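**Student:** Structure in structure tokens, see below.
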Amino acid sequence: MLIGNRVVGPGQPACVVAEIGINHNGDLNIVKQLIDAAKSAGCNAVKFQKRTPKLCVPPGEKKKMRETPWGYVSYINYRKKIEFGIKEYREINRYCKRQKIAWFASCWDKPSIDFIEQFNPICYKVPSPMLTDADLLKHFRQTGRPIILSTGMSTMKQIQTAVDLLGTSDLIITHCTSTYPCPLEELNLQMIQTLMGKFDCPIGYSGHEAGLATTIAAVALGASLIERHITLDRAMWGSDQAASLEPYGFARLVKYTRVVEAALGDGIKKVYDSERPVMRKLRSTDTI
């Protein structure tokens, strides 16, 4: 399938997405630094999160107080502080075009989809918590754009129901465990191949673990798309920072991804030209 001008699927280099999400803490200067870092690392796209706070924050959470960079405020006001509007997204769109990197968003509600639609995104992502919202899934599909379906905190039955509703055309399913950061024993990377065997569409991996090795393993297992959160500093304030990669780490992730892809080969056994001098030297008899 196509995401923007990039073919995504088995046999193609993995599409690497840097999830900026809410790691910008409401600051456009941080956004631009993260876009620059993703571009420098060799990422194919960056991703944001778009919510309508009054719709997405559960009623029981709205008035809960918490410490934030803006002081001791209610949770609903915190969500409003980190939510970008039209002015900020126009600048994001302009800056990504300038840096020649694609962008898209996870949308948590219908008005957010309608808002992002004006920027002609290359695709949409269904965030894991919204996988069971049938009306929202239908709204995503009505845009006619490719969809990435994240499967954290979901059962196989729920995933199947969502896929039945969306169809597998222009769909990527990403294996995900929604813990930040995620313990290694809960990553369950073999689910990538389970999903590959069950659904006729590209399968990706959205990781929230510390380190790089397990995401590289996901590539080796056949993930067509990989997504990790990016941050300027894992010690920054914010719920997703600890499960993110800093710029240098993201650059290594992309580098190692391409190294592994080059090493995987085509699975067809052959004698390479580089082996022949060694073969002539060490093999004196061919009887089989």
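**Student:** Pairs only if they're at least six apart or on different chains, beta carbon under 8 angstrom, first in region 207-219 and closer than 16 Å to R234 by Cβ, second in a loop (DSSP other than H, G, I, E, B) and polar (S, T, N, Q); list them, first residue then second.
**Tutor:** Short answer, once both residue conditions are applied: H208/T177; H208/S178; H208/T179.
**Student:** Can I ask one more? Can you tell me how many residues in region 238-288 are loosely packed, with under 10 Cβ neighbours inside 10 Å, under 30 Å from A41 (Cα atoms) and either at pLDDT below 95 or in contact with a Phe, Trp or Tyr (Cβ under 7 Å, 6 or more places away or on another chain) (or both)?
**Tutor:** 3
**Student:** Next question, about the same structure. Could you name every one of the strands (runs of 3 or more DSSP E) located completely within region 15-93 that has at least 1 residues being in contact (Cβ under 8 Å) with a residue 24 or more places away in the chain, in contact with a helix residue (DSSP H, G or I) (Cβ under 9 Å, 6 or more places away or on another chain) and within 24 Å of H208 (Cβ to Cβ)?
**Tutor:** Result: 15-21, 45-50, 65-68.
**Student:** Given the condition out of contact with any Asp or Glu (no Cβ under 7 Å at 6 or more places or on another chain), in a strand (DSSP E or B) and either touching a residue at least 12 places away in the same chain (Cβ under 8 Å) or among the aliphatic types (A, V, I, L, M) (or both), answer yes or no: does some residue in region 246-261 qualify?
**Tutor:** So far as region 246-261 goes, no, none of its residues is out of contact with any Asp or Glu (no Cβ under 7 Å at 6 or more places or on another chain), in a strand (DSSP E or B) and either touching a residue at least 12 places away in the same chain (Cβ under 8 Å) or among the aliphatic types (A, V, I, L, M) (or both).
**Student:** For region 20-67, enumerate the residues that are touching a strand residue (DSSP E or B) at 6+ places or on another chain (Cβ under 7 Å) and among the β-branched types (V, I, T).
**Tutor:** Scanning region 20-67 gives I20, I22, V31, I35, V46.
Every residue, every condition in (1) at pLDDT 95 or above; (2) among the basic types (K, R); (3) within 22 Å of Q241 (Cβ to Cβ); (4) crowded, with 17+ Cβ neighbours inside 10 Å, yes or no:
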position	(1), (2), (3), (4)
L34	yes, no, yes, yes
V46	yes, no, yes, yes
Y78	no, no, yes, yes
N93	yes, no, no, no
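The values are calculated or read from the model by the stated rules, or taken from the named source; none is laboratory data. Keep in mind the model is a prediction, meaning the values are calculated, not measured. Virtual Cβ from ideal backbone geometry, glycine too; neighbours counted across all protein chains shown.
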